[in-house]
Amino acid sequence: MKATSAPHSESIGLSVSVVVYQPDIEQLTSTLAGLGAACDALHAARSGLPVTLQLVDNGGLPDVSVALDRLRAHGVPSSIITGHGNVGYGRGHNLAIECSNSRYHLVLNPDIDLAPDALKQALDFFEEHSEAGLITPWIGDEHGQQQFLCRRYPTLLDLFARGFLPAPLRRLFARRLARYEMRDRINARDIVWDPPIVSGCFMLFRTSVLKQLGGFDARYFLYFEDYDLSLRAHDVTRVVYAPAVRVLHHGGGAARKGSAHIRMFMASAYKFFNRFGWKWL
């Protein structure tokens, strides 16, 4: 494994890790541009706050030198961790987490666009609420419609209905899926403390909490590593949905990505339920 050199985050700063595997270059460039704009707003409010990016190349990273140069112009130096192969999503982030010594660490997907004030809002929240150790944001789709990615503990039926049924049949399970997605609690206005499970597309931690948890469980190659980490986080800190922190998410579900993703989804689901307990209906 090798990495291009960049200064480490200081204990007062923010580190960001993005894991990529054969990424869409336009979307990755958009994500990095959004990160730069969000860092501008953060630096305007907190002069001198260091922010660093660790881009973890699990394979197929194109030339992103121009995008990283632009990010550096926003005061965000970057490192590329490469040469380790496709070790999976969680293990990829762990490579960055292990060498981070920041105060805060953001686990970020390469298909996320941050609102310009997202990071400022999040760090303001942390400073006002010392009990919070993990923040999940309001998440919208490419049309600006809210995605409900906070979760109650899933049953196998919930996962099957949400992930694999066609829309006409999925409507038959609308009430139970709404409960699973916490639509009775999650909205664009209200802070919600301790949602059981939050999405791995944007997880902003106090780094001390993340290191206490040991990062992601490397037994998950893809899918459910965020479910696992969310549930373990409740043992050591408080998790909070903070809708003032806003992002857009361009990702899709496993069933829409083909048979290989379905197999990975099922393998990770098996590991998850074996660890935390099976719920069928």
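The values are calculated or read from the model by the stated rules, or taken from the named source; none is laboratory data. Fair warning: this is a prediction, and the values are worked out from it, not measured in the lab. Because the Cβ atoms are built from the backbone with ideal geometry, glycine has one as well, and the counts that use them run over all protein chains shown.
Here are a few things to note about the model shown:
- For region 113-148, a residue qualifies if it is under 22 Å from GLU225 (Cβ atoms), surrounded by 23 or more Cβ atoms within 10 Å (Cβ to Cβ) and touching a Gly at 6+ places or on another chain (Cβ under 9 Å), and exactly one does: LEU114.
- Qualifying residue in region 93-101 (condition: farther than 17 Å from PHE216 by Cβ, of a type outside the set (Phe, Trp, Tyr) and outside any helix (DSSP H, G or I)): yes
- Helices (runs of 4 or more DSSP H) contained entirely in region 155-234, each with at least 3 residues that are surrounded by fewer than 19 Cβ atoms within 10 Å (Cβ to Cβ), at pLDDT below 95 and touching a helix residue (DSSP H, G or I) at 6+ places or on another chain (Cβ under 7 Å): 156-164
- Test: residue in region 130-150 that is in contact (Cβ under 8 Å) with a residue 24 or more places away in the chain and assigned to a helix (DSSP H, G or I): no
- Taken as a whole, region 50-68 holds at least one residue that is touching a Ser or Thr at 6+ places or on another chain (Cβ under 6 Å), outside any strand (DSSP E or B) and more than 21 Å from ARG103 (Cα to Cα).
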